[in-house]
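The values are calculated or read from the model by the stated rules, or taken from the named source; none is laboratory data. Everything numeric in this text was worked out from a predicted model, so none of it was measured. For neighbour counting, all protein chains shown are included, and Cβ atoms are generated from backbone atoms with ideal geometry for every residue, glycine included.
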Amino acid sequence: MLKRANFKILAVDDDGDILDLLKYNFRKHGYAIETTTDPNEAIPTALRFKPDLIILDVMMPGTNGIDLCKAIREVPEFERTYIFFLTARTENYLRTAGYENGGDDFIEKFSGLRALVNKVNAVLQGKLVIRKNAKIFRIGRLAINRESNLVTYGDKQVKLSNTELDLLLFLAQNPETLSKEVLLSNIWGSEIYLQKKNVESYVQKIRQGLGLNIITNNERGFKLNPY
C-alpha cells in the first residue's frame, strides 16, 4: 500500500481561504496537494500534477464545478480519479447533477472538513469505496438504479429516498461489516450527527421494502447480504 506522501490531491475553489485550510490539513496528514482558484487552470494543472483525488467547489465564477467535473471526466487519464465536491450548496438537484456528471461524493464545506479528510484517507488507502456516481450498480440479486431511485432485489422492487439509496449503495460497494460510526460519517458527512441520525431506522425502512435479510447487524455493525 502506498504511503500518504505518495498520494496527490488537487483542490479547486475560488475562495483562497478555503484552499489554505485544505493545504494545511492535508499536508498535516502527509499528502501532496496543489490548489488553484481558477477553474480554467484545473485540467492543465491536473495533467501536470496527476492527482489521485480532486476536490471541487460547485459555485465558481466562469466554469462551475459540475461542468468542470464533466470536463475532467472526459480526459482519459481521469476517468477513474476520485472527484469530491466540497461545497456550501448541497441541494438535492445539485447533488444529482454532480453525480450525473461524474462526481463521487458531496461534502458540506462548513461542517465537513473532518469528514472530508476521513473520506480521503479511506478511499486512497483502499479501505472504503465511495462512488455515488454509479448510475446502475449490481451485486448478487441486488440492482440499484440511482437515476430512478429504484432498487430491485430478487422479485421485489421499491423506490428509496436519496438517503436510503446512499446507505444501500455504500453497503453494496463495501461488502465487509461496517460500524455505525463509519456509516454516519460517510452517509451523513460528519460525526456531529452521531446523536441525531438513527442508522437503524433507515435500515428498517430498507428492510421493509426488500426483506429482513437484505441487511444484517451485530455488535460490530451492519453488513449487506445481496445474494
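Taking the criterion of being more than 24 Å from Leu128 (Cα to Cα) and either more than 17 Å from the chain's Cα centre (by Cα) or outside the structural domain of Leu94 (by TED's automatic domain parsing) (or both), would at least one residue in region 5-14 satisfy it? The answer is yes; a qualifying residue exists. Scanning region 54-83 for residues that are farther than 16 Å from Ala97 by Cα, out of contact with any Asp or Glu (no Cβ under 9 Å at 6 or more places or on another chain) and touching a residue at least 24 places away in the same chain (Cβ under 8 Å) yields Ile54, Val75, Glu77, Phe78. A search for C-beta distances below 9 Å between a residue of region 205-216 that is over 15 Å from Thr152 (Cβ atoms) and any residue that is surrounded by fewer than 14 Cβ atoms within 10 Å (Cβ to Cβ), counting only pairs 6+ apart in sequence or on different chains, returns Lys205/Ser161; Arg207/Asn213.
Modelled with pLDDT under 95, surrounded by 17 or more Cβ atoms within 10 Å (Cβ to Cβ) and assigned by TED's automatic domain parsing to the domain that holds Asp15: is that true of Ala88 in this structure? Outline the logic, then answer.
Numbers: modelled with pLDDT under 95: yes; surrounded by 17 or more Cβ atoms within 10 Å (Cβ to Cβ): no; assigned by TED's automatic domain parsing to the domain that holds Asp15: yes.
Taking the combined requirement at face value, the residue does not satisfy it.
Out of the residues in region 58-107 that are outside any loop (DSSP other than H, G, I, E, B) and of a type in the set (D, E, K, R), state the one that is farthest from the chain's Cα centre (by Cα).
Of all residues in region 58-107, those outside any loop (DSSP other than H, G, I, E, B) come to 65-73, 76-78, 82-87, 92-100, 105-107.
Among the residues that remain, those that are also of a type in the set (D, E, K, R) are: 67, 70, 73, 77, 95, 100, 105.
Numbers: Asp67: 18, Lys70: 16, Arg73: 16, Glu77: 20, Arg95: 11, Glu100: 13, Asp105: 3 Å.
Restricting to residues being outside any loop (DSSP other than H, G, I, E, B) and of a type in the set (D, E, K, R), the top hit is Glu77.
Limited to region 40-66, what total is found for residues that are in contact with a Pro (Cβ under 7 Å, 6 or more places away or on another chain) and of a type outside the set (A, V, I, L, M, F, W, C)?
Of region 40-66, the ones in contact with a Pro (Cβ under 7 Å, 6 or more places away or on another chain) are 60, 62-63.
Among the residues that remain, those that are also of a type outside the set (A, V, I, L, M, F, W, C) are: 62-63.
Qualifying residue count, region 40-66: 2.
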